[in-house]
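Q: Structure incoming, see below.
The values are calculated or read from the model by the stated rules, or taken from the named source; none is laboratory data. Everything quoted here is computed from the prediction, not taken from an experiment. For neighbour counting, all protein chains shown are included, and Cβ atoms are generated from backbone atoms with ideal geometry for every residue, glycine included. Side chains included, ligands, DNA and RNA excluded: accessible areas come from the protein's heavy atoms. Shrake-Rupley method; radii C 1.70, N 1.55, O 1.52, S 1.80 Å.
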Amino acid sequence: MCIRKNQATLSANEIDAFVQAVLQLKRTGTYDKFVSEHRAAFMEGLNDPAHRGPAFLPWHREYLRRFERALQAIDPKVGLPYWDWTVDPGALWQPNFMGGDGIGPDGKVMTGPFSTEAGRWTLNVRDDGDNNLFLSRRFGGMSGMSGLPTSQQVNDALARVPYDAAPWNRETSTDASFRSRLERSIHNSGHNWVGGSMMTGSSPNDPVFWLHHCNIDRLWAEWQHNHPEQTYLPPAGTPNVVSGHRIDDPMRPWDTEPTPP
Ligand code: CU1
Ligand code: CU1
């Protein structure tokens, strides 16, 4: 067990331990297996067991925990930090941590441990048609997109009940459910704001993915704490729900265990 910390409060030593464990997972090929798992879910489109539906939150909670355990097998002191977009990012984008924004027409990341220059971060798993072997970002560069989530938007999402609502998929109104609000209004903004590699089904190629999702998971935990009377939805047996998204459905690709809570 570990306490997940706000990334802005990490010491230089804690940042280094996290980065080194991530680089070690990359060297062994384990990191790319995580990217493949995410990409495979995403590529299922309408049958995606991980996105655009109720299981978005439990699927990523399990995924994060698996990744965190892999980091801890390398360095037991390391935990996943979370990126609270509503406060000063501190050292997040500095060369000792995530590195900075992308540069040029390709949005190539040129600084930090995950840059091409550092030589340790080739994108081996990519979406179809994506030939770029390097990490890319384009901070705030998606025209027409909103910026990072504000505290007001986060608080608005946290106040929503129930957990989810019919039709239990990408069509669920952001006004009708916590999950839909959090996934579509808050979570998507983070991916869109970082841009580049974070816009793809292979988005875990950008290590900031884990910090972004760690905050999404933290907000779900906060919502669960604040609304103890609310349960996961939909219940078993609900018709016309993509498999993996009802309570007690196995979550693919992890088969029998676990199921949504
Ligand atoms: Cu995802
Ligand atoms: Cu995501």
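Q: Looking at Pro76, Pro58, Pro95, Pro54, which is the one that is touching a helix residue (DSSP H, G or I) at 6+ places or on another chain (Cβ under 9 Å) and not in a helix (DSSP H, G or I)?
A: None of the others qualify; the one that does is Pro54.
Q: Report yes if Asp156 is more than 16 Å from ligand 1 (Cβ to nearest atom) and buried (at least 21 other Cβ atoms within 10 Å of the Cβ), otherwise no.
A: No; evaluated as a whole, the condition is false for this residue.
Q: Which residue, of Leu71, Leu80, Leu57, is among the aliphatic types (A, V, I, L, M), closer than 14 Å to Gly244 by Cβ and either touching a residue at least 40 places away in the same chain (Cβ under 8 Å) or open to solvent by 50 Å² or more (accessible area, probe 1.4 Å) (or both)?
A: After ruling out the rest, the residue left standing is Leu57.
Q: Could you tell me whether Trp193 is among the hydrophobic types (A, V, I, L, M, F, W, C), in contact with a Leu (Cβ under 9 Å, 6 or more places away or on another chain) and more than 16 Å from ligand 2 (Cβ to nearest atom)?
A: No; evaluated as a whole, the condition is false for this residue.
Q: Now a separate question. Given the conditions (1) in a loop (DSSP other than H, G, I, E, B); (2) surrounded by 14 or more Cβ atoms within 10 Å (Cβ to Cβ); (3) more than 16 Å from ligand 1 (Cβ to nearest atom); (4) not aliphatic (A, V, I, L, M), and given that Gly119 satisfies all but one, which numbered condition is not satisfied?
A: Gly119 satisfies all of (1) in a loop (DSSP other than H, G, I, E, B); (2) surrounded by 14 or more Cβ atoms within 10 Å (Cβ to Cβ); (3) more than 16 Å from ligand 1 (Cβ to nearest atom); (4) not aliphatic (A, V, I, L, M) except (2).
Q: Moving to a separate point now. Applying the selection to region 1-33, what residues are of a type in the set (A, V, I, L, M, F, W, C), part of a helix (DSSP H, G or I) and open to solvent by 20 Å² or more (accessible area, probe 1.4 Å)?
A: Result: Ala8, Ala12, Ala17.
Q: Name the residue that is nearest to ligand 1 (Cβ to nearest atom), counting only residues in region 40-51 that are outside any loop (DSSP other than H, G, I, E, B) and open to solvent by less than 50 Å² (accessible area, probe 1.4 Å).
A: This residue is Ala41.
Q: Need the failing condition index for Ala159 against (1) modelled with pLDDT of 95 or more; (2) in contact with a Lys or Arg (Cβ under 7 Å, 6 or more places away or on another chain), just the number.
A: Against the list (1) modelled with pLDDT of 95 or more; (2) in contact with a Lys or Arg (Cβ under 7 Å, 6 or more places away or on another chain), Ala159 comes up short only on (2).
Q: How many of the residues in region 205-250 are open to solvent by less than 10 Å² (accessible area, probe 1.4 Å) and either away from ligand 1 (no atom under 16 Å from the Cβ) or touching a helix residue (DSSP H, G or I) at 6+ places or on another chain (Cβ under 7 Å) (or both)?
A: 15
Q: Which ones in region 159-204 are open to solvent by 50 Å² or more (accessible area, probe 1.4 Å) and either under 18 Å from Ile247 (Cβ atoms) or assigned to a helix (DSSP H, G or I) (or both)?
A: Val161, Ala166, Pro167, Arg184, Asn188, Trp193, Met199
Q: Still on this structure, please answer the following. Could you go through region 214-231 and let me know if any residue there is part of a loop (DSSP other than H, G, I, E, B) and within 16 Å of ligand 2 (Cβ to nearest atom).
A: No, every residue in region 214-231 fails to be part of a loop (DSSP other than H, G, I, E, B) and within 16 Å of ligand 2 (Cβ to nearest atom).
Q: Looking at (1) within 16 Å of ligand 1 (Cβ to nearest atom); (2) assigned to a loop (DSSP other than H, G, I, E, B), which is the only condition Asp128 fails?
A: (1)
Q: Could you list, ordered by first residue, the pairs with Cβ atoms under 7 Å in which the first is in region 174-202 and touching a residue at least 24 places away in the same chain (Cβ under 8 Å) and the second is within 12 Å of ligand 2 (Cβ to nearest atom) and part of a loop (DSSP other than H, G, I, E, B), at least 6 apart or interchain?
A: Val194/Asp206; Ser197/Asp206; Met198/Asp206
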